[in-house]
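Before any comments, here is the structure.
The values are calculated or read from the model by the stated rules, or taken from the named source; none is laboratory data. Here the structure is a predicted model, which is why all the values come from computation and not from measurement. Neighbour counts run over all protein chains shown; Cβ positions are idealised from the backbone, glycine included. Side chains are part of the model used for accessible areas, which takes the heavy atoms of the whole protein and leaves out ligands, DNA and RNA. Shrake-Rupley method; radii C 1.70, N 1.55, O 1.52, S 1.80 Å.
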Amino acid sequence: MKTLIIIDVQNDFLKNGSLEVPYGNEVIEPINQIMKNYELVVATKDWHPLNHVSFASNHPGKKNGDFIKVNNLDQILWPDHCVQNTPGAELHSELDQSNITRVFHKGTDPEIDSYSTFFDSAQRNSTGLKNFLRGLYVNNIYIMGLATEYCVKFSVLDAMRLGFVTHVIEDGCRGIDSCAGDVQRALDTMVKQGAKIVTSQEVVS
């Protein structure tokens, strides 16, 4: 079953959001255009508690962009974003949600981050997406959304590790590119691990 996974098209990652991804709103149109080409569409949300470890505000003396160690894992600190049950955590109103079968939440544990839509950063806890897809005999997935070098990349790497044939729809992704070249390096890493980079036009045709 050919499946589309939409990563974190949430208000806080879009224009005027607390953690705005540059040009992030540009992913909405290609996503809406190609949804009908898939037998199954699921979406993900960051869904953080207020005391989440990734928020710089929870670490006195630290600021956005700082790196710390948490349980022996590297953790970059971000502005408060996608707090559970707030408008910033909601999917953008222009995203066509009528074809989305289910939304999976990640980053719900205050003590550990979760870029991947499958597992937390320590690979300890699953979001449930893996078993959901396995239960429907899905083996072919297409991923698009935000942000390329974070949640998209780690979702793609986990998907391939789990054995899914994985495609990245490049024009349906946008990245932060904090250091010039981060997005391209992320794409190169995904390709090196076996992902197929495609465009929305290729998917439609």
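Matching residues to (1) assigned to a helix (DSSP H, G or I); (2) free of Cβ contacts under 8 Å to residues at least 40 places away in the same chain:
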site	(1), (2)
T108	no, no
E111	no, no
Y115	no, no
Q123	no, yes
R134	yes, yes
G145	no, no
E149	yes, yes
V152	yes, no
L157	yes, no
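Closer than 16 Å to V21 by Cβ and either of a type outside the set (S, T, Y) or modelled with pLDDT of 95 or more (or both) - does that describe any residue in region 128-139? Within region 128-139, none of the residues are closer than 16 Å to V21 by Cβ and either of a type outside the set (S, T, Y) or modelled with pLDDT of 95 or more (or both). Just to be sure before I move on: is K69 under 16 Å from the mean Cα position of the chain (by Cα) and not acidic (D, E) in the structure I sent? So K69 does not fit the description; no. Condition check: open to solvent by 40 Å² or more (accessible area, probe 1.4 Å), modelled with pLDDT of 95 or more and outside any helix (DSSP H, G or I). Does I197 satisfy that? Taking the combined requirement at face value, the residue satisfies it. If the condition is being out of contact with any Ser or Thr (no Cβ under 8 Å at 6 or more places or on another chain) and aliphatic (A, V, I, L, M), then region 145-174 contributes L146, A147, V152, L162, V165, V168.
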